[in-house]
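Read-outs throughout are calculated quantities, based only on the coordinates presented, and are distinct from any laboratory measurement. All values reported here derive from a predicted model rather than from experimental measurement. Cβ: placed from backbone, ideal geometry, glycine included. Neighbour counts: every protein chain shown.
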Amino acid sequence: MIKHRHGDRYLHNGALEISFSELDLSEDLFLIGHFIFAFCFLICALLILLLDVQEKLKERESY
């Protein structure tokens, strides 16, 4: 329900309620997607750094 700006009356519009609930769901999915992307990006960056450190250690051992 949407609160009317003049008093405590409510607008009863099923179409608006459905669209708002879908909007909330899509915002939640969007936020979850961002967290998943950030986590994967962080893990990939750490793996790249670890591989670089591993290569440098191997080069030092070969001298």
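Simple spin-label model, 7 Å along Cα-to-Cβ: Ile48 to Ser26 in nm?
Using points 7 Å along Cα→Cβ, the separation is 3.2 nm.
Need the full-extension length gain, Ile36 to Ser62, defined as separation in residues times 0.36 nm minus the C-alpha distance. One decimal, nm.
5.4 nm
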